[in-house]
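Worksheet: one structure, shown below.
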Amino acid sequence: MVTKQLSGTADDADLTRADSLAREIFSDVANKWALLIIEMIGDRTRRFTELRNDIEGISHKMLTQNLRMLERNGLVERTVHPTVPPRVDYTLTEAGHGLRATVDGMCDWTHRFLGHIEDSRRRFDTPVNG
């Protein structure tokens, strides 16, 4: 994402909107829970209670807020079944699967460079005598 001086053309306005939207989406999904929820839904259809039970430490309120945000951004599809009590299922949309692939790449990167990152942090955090 690049911020640059724009000359005022229609293409520039589209670029500005795209940059603004990208910042909003990154802000939404780059939180403690959203990426975990996306990973937990994965290729399956999951019920709310399954997600709440499988994501350690998430509250009912936080799961609800994050699922609504993911739905609003078109990453998750919510299906309400007319039963008593109502059954609600969540699945990833095509965009959600695309983000999941990106997250998987980030996880692969983390595994690949884990030792390097830990060594760097250790060196940085160790006080230098002198």
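The values are calculated or read from the model by the stated rules, or taken from the named source; none is laboratory data. Only a predicted model underlies this, so the values are computations on that prediction, with no experimental measurement involved. Reconstructed Cβ throughout: ideal geometry from the backbone, glycine too, with neighbour counts over all protein chains shown. The accessibility values were calculated without ligands, DNA or RNA, using every heavy atom of the protein model including side chains. Shrake-Rupley method; radii C 1.70, N 1.55, O 1.52, S 1.80 Å.
Among the GluC sites (Glu not before Pro) in the range 46-105, those located in a DSSP loop and surrounded by at most 10 other Cβ atoms within 10 Å of their own Cβ are GLU56. Placing a label point 7 Å from the Cα of GLU24 along the Cα-to-Cβ direction, the residues of the range 68-84 whose backbone N falls under 16 Å from that point are 68-76. Local charge for GLY105 was computed over the other residues whose Cβ lies under 13 Å away, with Lys and Arg +1 and Asp and Glu -1, and equals -1.
Electrostatic bookkeeping for THR49 treats Lys and Arg as +1 and Asp and Glu as -1; over the other residues with beta carbon under 15 Å from its beta carbon, the sum is +3. Per residue, the chain exposes an accessible area of 73 Å² to a 1.4 Å probe, with every protein chain left in place. Note on the chain: helix-only mean residue ellipticity at 222 nm, from DSSP H runs of 4+ residues weighted -39500 (n - 2.57) and normalised by residue number, equals -20500 deg cm²/dmol. By its C-alpha gyration tensor, with a ≥ b ≥ c as the square roots of the eigenvalues, how is the chain shaped: rounded for a/c under 1.5, else prolate for a/b larger than b/c, else oblate? The shape class here is oblate. A cut-off under 11 angstrom between Cβ atoms defines the neighbours of MET69, and their net charge, with Lys, Arg +1 and Asp, Glu -1, is -1.
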